[in-house]
Structures are given as C-alpha cells and as structure tokens.
1. Does the stretch 14-28 contain at least one residue that is part of a loop (DSSP other than H, G, I, E, B) and under 11 Å from the mean Cα position of the chain (by Cα)?
2. What are the pairs with Cβ atoms under 7 angstrom where one residue, in the stretch 58-74, is more than 13 Å from Ala29 (Cα to Cα) and the other, located anywhere, is among the basic types (Lys, Arg)? Sequence gap at least six, or different chains.
3. Under the condition of being free of Cβ contacts under 8 Å to residues at least 24 places away in the same chain and among the hydrophobic types (A, V, I, L, M, F, W, C), which residue from the stretch 1-40 is most open to solvent (accessible area, probe 1.4 Å)?
4. Would you point out which residue out of Leu5, Leu70 is in contact with a Phe, Trp or Tyr (Cβ under 8 Å, 6 or more places away or on another chain) and assigned to a strand (DSSP E or B)?
5. Go through the stretch 29-70 residue by residue and tally those that are over 10 Å from the mean Cα position of the chain (by Cα) and among the β-branched types (Val, Ile, Thr).
6. What's the total number of residues in the stretch 41-58 that are of a type in the set (Ser, Thr, Tyr) and either open to solvent by 100 Å² or more (accessible area, probe 1.4 Å) or in contact with a Ser or Thr (Cβ under 6 Å, 6 or more places away or on another chain) (or both)?
7. May I ask you to verify whether Ala62 is open to solvent by less than 30 Å² (accessible area, probe 1.4 Å), of a type outside the set (Val, Ile, Thr) and either within 13 Å of Arg4 (Cα to Cα) or at pLDDT below 95 (or both)?
Amino acid sequence: MSDRLYLAHYQDGVRVLDVSQPEHSREVAYYNTWRETDPYRGLSFFDGAIGIRRPGDGYLYAIDLSRGLLIFPEP
C-alpha cells in the first residue's frame, strides 16, 4: 500500500499528496496540465486532466482532454 494519493481533477491538474499521516497530509508534487492557449480551452468546466494511473513502473500516466497522454516520473 502506498502513502501517496494521486489526483487528476480537470483544471486543477495533477496532484500528489503524502497521506502517511492523514491528519497532516501535504502536497508533494503538482503539475498544471491546463493551458489557456490550447485550442477550445475554457469552453467547459470539463477541461484538463481527467485521469491518472500509477502502474508501478516508476511513472505516472495522466490523460488531459487537449494534450492527450502525459507521462511524469513518479515523485
């Protein structure tokens, strides 16, 4: 079991939280996938990161509605 929580939430981007001490959770990584300059951005609340996966290979895989697949080294 991991002490990290991986989140992808639309215009809030990708976030990684350390939840090893739930009462003192803290953000350890953040990436803003949403760029206003991308075509058709800002027309809907449902823009940006819509999913994230951590398969255990050392990378995080996020899906962004305009940018497609984004791959990050695991923090």
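1. Of the residues in the stretch 14-28, the ones part of a loop (DSSP other than H, G, I, E, B) are 19-21, 25.
Of the ones still in play, those that are also under 11 Å from the mean Cα position of the chain (by Cα) are none.
No - not one qualifying residue is present in the stretch 14-28.
2. Tyr61/Arg53; Ser66/Arg41
3. Per the stated criteria, the residue is Met1.
4. Values: Leu5 fails: in contact with a Phe, Trp or Tyr (Cβ under 8 Å, 6 or more places away or on another chain).
Unique residue meeting the criteria: Leu70.
5. Step one: list which residues in the stretch 29-70 are over 10 Å from the mean Cα position of the chain (by Cα), which gives 34-47, 54-59, 65-69.
Still in the running and among the β-branched types (Val, Ile, Thr): 37.
Of the residues in the stretch 29-70, 1 are over 10 Å from the mean Cα position of the chain (by Cα) and among the β-branched types (Val, Ile, Thr).
6. Here is the first cut: in the stretch 41-58, the residues of a type in the set (Ser, Thr, Tyr) are 44.
From what's left, either open to solvent by 100 Å² or more (accessible area, probe 1.4 Å) or in contact with a Ser or Thr (Cβ under 6 Å, 6 or more places away or on another chain) (or both): none.
Number of matching residues: 0.
7. Working: open to solvent by less than 30 Å² (accessible area, probe 1.4 Å): yes; of a type outside the set (Val, Ile, Thr): yes; either within 13 Å of Arg4 (Cα to Cα) or at pLDDT below 95 (or both): no.
For Ala62, the condition - open to solvent by less than 30 Å² (accessible area, probe 1.4 Å), of a type outside the set (Val, Ile, Thr) and either within 13 Å of Arg4 (Cα to Cα) or at pLDDT below 95 (or both) - is not met.
The values are calculated or read from the model by the stated rules, or taken from the named source; none is laboratory data. Everything numeric here is computed off the predicted structure, so don't read it as measured data. FYI the Cβ positions are ideal-geometry reconstructions off the backbone, even for glycines, and counts take in every protein chain you see. Please note that ligands, DNA and RNA were not included when accessible areas were found on the heavy atoms of the full protein model with its side chains. Shrake-Rupley method; radii C 1.70, N 1.55, O 1.52, S 1.80 Å.
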